[in-house]
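One structure below.
The values are calculated or read from the model by the stated rules, or taken from the named source; none is laboratory data. These numbers were taken from a predicted model, which means no experiment stands behind them. Backbone-built Cβ (ideal geometry, glycine too); neighbour counts: all protein chains shown.
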């Protein structure tokens, strides 16, 4: 939809709902959306633009078909630079420009880049939290596998547990022997203070995050 079509599109939506004239198209191909929304937060402009420029450079050198887009706010500007990789819907944060070659190498191997992974936008709530932590857990141990969250259980308002299965290991036989078939992970909610934004460094904001408390084979 072009900017000149927005007024008619909005009027049509509230009058008739989604019509064929302004129906959204499914995302086709591979696309990176990188937040460079400086009006929302300075860190998005600085780190997001650096990431987008470096990503375009490496994608072009590799003659990849991936399209790299500067986007408006993706959520979580304190994690800048932030990016969503479509069509997988994998979200990343604190992804620096220097990490682009390693990120693209992990992606080419069909692996999640665990150090910067924030979870899939197609998952909701605790399942997204669990999947992000489990992927990071595997990445730090150099486990070449594709974990899947089998079940999520909320234990209390401040704790929950998930069960993850590990399949399709593509590493050596010795390393495969170290990867269990299934593990249980327990998480605890932690409160902390951090600046509310780049324009308000002296204005602390109380936030909550889920931390991995324990893990065990089952």
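Taken over the range 19-43, the criterion of being under 13 Å from residue 95 (Cβ atoms) and either at pLDDT below 85 or out of contact with any helix residue (DSSP H, G or I) (no Cβ under 9 Å at 6 or more places or on another chain) (or both) is satisfied by 33, 43. Here residue 81 fulfils each of the conditions (1) assigned to a helix (DSSP H, G or I); (2) under 13 Å from residue 99 (Cα atoms); (3) under 16 Å from the mean Cα position of the chain (by Cα) apart from (1).
Only one entry in 122, 166, 160 is in contact with a helix residue (DSSP H, G or I) (Cβ under 9 Å, 6 or more places away or on another chain) and either at pLDDT 95 or above or surrounded by 21 or more Cβ atoms within 10 Å (Cβ to Cβ) (or both), namely 160.
If the condition is being over 18 Å from residue 88 (Cα atoms) and within 20 Å of the chain's Cα centre (by Cα), then the range 145-156 contributes 150, 152. Taking the criterion of being part of a helix (DSSP H, G or I) and at positive phi, the only residue of the range 115-134 that qualifies is 125.
Taken over the range 85-112, the residue count meeting the criterion of being surrounded by fewer than 22 Cβ atoms within 10 Å (Cβ to Cβ) and in a loop (DSSP other than H, G, I, E, B) is 9.
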